[in-house]
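The values are calculated or read from the model by the stated rules, or taken from the named source; none is laboratory data. Here the structure is a predicted model, which means the values were calculated and not measured. Cβ placement follows ideal geometry from the backbone for every residue including glycine, while neighbour counts extend to all protein chains displayed. These area figures cover heavy atoms from the full protein model, side chains too; ligands, DNA and RNA do not enter into them. Shrake-Rupley method; radii C 1.70, N 1.55, O 1.52, S 1.80 Å.
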Amino acid sequence: MPEGDTVLQTANRLDTALAGRVLTHSDLRVPRLATADLTGRTVLDVTSRGKHLLTRIEGGLTLHSHLRMDGAWRIYAPGERWRGGPAHQIRAVLANAEHTAVGYRLPVLELLRTRDEEKAVGHLGPDLLGPDWNAETALRNLLTDPARPLGEALLDQRNLAGIGNIYKAELCFLARATPWLPIGDLAAPTAARLVTTAKQLLEANRDRPMRTTTSAAPRGYGANERLWVYGRTNRPCLRCGTPIRTADQDARPTYWCPRCQSGPTH
Ligand SMILES: [Zn+2]
């Protein structure tokens, strides 16, 4: 699943390619929108809210899309070959004189009145990369259900928006707690620090081409690795050398160091 920073980068690229320009072609390949034609309208802006993309279009319309697991928006120059996947995976094409944006494998694609955007994204908690970010609200949301496993609570976009599977694993490592620890068992300062760290990591990576969570590590740690635990099954923990373990949580793989992440912390 794309992380909030990936979605923000996608929104920025789409905004650069589309905003302020008149659509010369539009093709929305989902049954409900098959007859919708946006040609002749100007794209006002493209923003992200958590992992949702909102393309605002002249006339009070918003094209709402979500990348879920493997969706993507690609931008092409006129005449350039489209390489984002086979044609049957294309869900949306928005073109102006200079750029063509093609949306692949979008599980969510709907056209809303801009004034109704909140119905689509209003359930989200504070967006780690959004203007509405509020650490106290995010922390309060996370702790609403103290028995909930830490990893699940972090992934629930209603608590705070923007954390995907990678940041989830990395944040649990940095909090020195397993993804299964009931979140209410975290000491209050640790829980608060977790929210601060999430914000710092996503901010630090918002413009980086390669995501990293180890750049603030003490010298010698993680120097050659971008991530602490994610995807590092059986490789030595960068902090203590213990082999990293993996198991499914909520049907998706998660990773942790059994030594560094051994339980409730101070
Ligand atoms: Zn370790």
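Quick notes
- Cβ-Cβ FRET estimate between residue 158 and residue 83, R0 fixed at 45 Å, reported to 0.05: 0.80
- Here the simple spin-label model places points 7 Å from the Cα toward Cβ, and for residue 115 and residue 30 these points are separated by 2.3 nm.
- Beta bridge orientation in the chain: antiparallel %, DSSP, nearest 5: 95
- At the listed q of 0.13 Å⁻¹, the Debye profile of the chain, built from one uniform point per Cα, gives log10 I(q)/I(0) equal to -0.87.
- Per residue accessible area in Å² of the chain, where ligands, DNA and RNA are left out and the probe is 1.4 Å: 47
- Rounded FRET efficiency, nearest 0.05, which uses the C-beta distance separating residue 16 from residue 200 and R0 of 35 Å: 0.85
- Cross-link reach is defined here as a Cα-Cα straight distance under 19 Å, omitting same-chain residues fewer than 8 places apart; for residue 199 the lysines meeting it are 51, 168.
- For region 40-150, the spread of Cα positions along each principal axis, largest first, Å: 54, 31, 19
- Mean residue ellipticity (222 nm) of the chain, computed from DSSP H runs ≥ 4 via -39,500 (n - 2.57), nearest 500: -7000 deg cm²/dmol
- Size of electric dipole in the chain: Cβ of Lys, Arg +1 and of Asp, Glu -1, about Cα centre, debye, nearest 20: 700
- The length gained on full extension between residue 251 and residue 97, counted as 0.36 nm times the residue separation minus their Cα-Cα distance, comes to 51.1 nm.
- Choice from 198, 138, 120 with maximal GNM fluctuation in the chain (Cα, 10 Å cutoff): 120
- Span-like helix ranges in the chain, DSSP H, alpha carbon extent 15 angstrom or more, Kyte mean at least -1.0: 4-18, 188-205
- Highest-MSF residue in the chain out of 167, 255, 76 [GNM, Cα springs under 10 Å]: 76
- In a fully extended conformation the segment linking residue 108 and residue 69 would gain 12.9 nm over its present Cα-Cα distance, using 0.36 nm per residue.
- Think of the chain as having a plus end and a minus end, set by charges on the Cβ of Lys, Arg, Asp and Glu; of 44, 180, 24, 180 sits farthest toward the positive end of this dipole.
- Each of residue 123 and residue 233 was given a label point 7 Å from its Cα along the Cα-to-Cβ line. The distance between the two points is 3.1 nm.
- 3J(HN,Hα) along region 144-152: 4, 10, x, 7, 6, x, 3, x, 5 Hz, from the Karplus curve 6.51 cos²θ - 1.76 cosθ + 1.60 with θ = phi - 60°, whole Hz, x for Gly and Pro.
- Computed from the C-beta positions of residue 214 and residue 262 and an R0 of 22 Å, the FRET efficiency is 0.60 to the nearest 0.05.
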